[in-house]
Amino acid sequence: MTNLMRTTLAAVLMASAPFLLSPAAAQSVTSTVTRLDLKKCKHIEGDAEEDYGEWRCRGYGGIAILVSAGDQRSYVSFGRTAKDEPAARQTLASFNGEGDSIEWRKGSDGKPFAAIMPWSTTISDEHKTVRGRMLVITRLGPGPVCHVGYVDAQANPDADELARKIADGTARTFKCGSDKPQISGQRGPAFSGPYPD
């Protein structure tokens, strides 16, 4: 092969490289973080003693957020049909609470396809109480809204990056009800998986 042929072949390969990337890798992903303050949301009181009611809020781009709570556990769902989505019935096994921020992962069209939210966890036994922090990754619509992954934020210094990898690599193709959510990274003493665990 002559030098001219080698040079030409190298140029062709470099020019075609972007087209050889997978669709997920070729898409640019950006993030926007918004605050979640339940005091600024519409609250509907619950009927039972352990039913704390629900809060209806607005997130990035006006996306509806539904937070409900009972029996010392929280549930967070998104979208116009948030109350009917699988996420509205998903929580962590331990006693928990929703966080005060949401990271929205957005595709090249600027529309969020996943939400990453910190949740507090509390695990108690007769000897001690351990408190922790989990990152819950939720797939957004179009299509069903559900949990796709969990990261122990207290046990992993790179928890944010681990959560983003799950969101970017899984959320858009995740099949709620059949695919199993991923658990990434180390698990500390305050780790909690999904309920029922």
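Here is a check on your reading of the model: is Val130 touching a helix residue (DSSP H, G or I) at 6+ places or on another chain (Cβ under 6 Å), farther than 15 Å from Gly61 by Cα and assigned to a strand (DSSP E or B)?
For Val130, the condition - touching a helix residue (DSSP H, G or I) at 6+ places or on another chain (Cβ under 6 Å), farther than 15 Å from Gly61 by Cα and assigned to a strand (DSSP E or B) - is not met.
Here is a list of conditions, (1) surrounded by fewer than 20 Cβ atoms within 10 Å (Cβ to Cβ); (2) out of contact with any Cys (no Cβ under 6 Å at 6 or more places or on another chain); (3) farther than 18 Å from Gln72 by Cβ, and Arg131 meets all of them except one; can you say which number that is?
The failed condition is (3).
Name the residues in the stretch 31-55 that are hydrophobic (A, V, I, L, M, F, W, C), modelled with pLDDT of 95 or more and either surrounded by 14 or more Cβ atoms within 10 Å (Cβ to Cβ) or farther than 21 Å from Val145 by Cα (or both), would you?
Within the stretch 31-55, Leu36, Leu38, Cys41, Trp55 meet the criteria.
Of all residues in the stretch 56-84, count the ones that are under 15 Å from Leu38 (Cβ atoms) and surrounded by fewer than 15 Cβ atoms within 10 Å (Cβ to Cβ).
Looking only at that region, the number is 1.
Could you run through the stretch 155-183 and say how many residues are surrounded by fewer than 20 Cβ atoms within 10 Å (Cβ to Cβ) and either not in a loop (DSSP other than H, G, I, E, B) or not charged (D, E, K, R) (or both)?
15
Could you tell me whether Val148 is touching a residue at least 60 places away in the same chain (Cβ under 8 Å) and in a strand (DSSP E or B)?
Taking the combined requirement at face value, the residue does not satisfy it.
Which of the numbered conditions does Ala26 fail, given that it passes all the others? Conditions: (1) modelled with pLDDT of 95 or more; (2) under 30 Å from Ser178 (Cα atoms).
So the condition that Ala26 fails would be (1).
How many of the residues in the stretch 85-119 are part of a strand (DSSP E or B), of a type in the set (S, T, N, Q) and crowded, with 21+ Cβ neighbours inside 10 Å?
So the answer is 2.
The values are calculated or read from the model by the stated rules, or taken from the named source; none is laboratory data. The model shown is predicted, which means the values in this text are computed figures rather than measured ones. Glycine also receives a Cβ, built like all others from the backbone with ideal geometry; neighbour counts cover every protein chain displayed.
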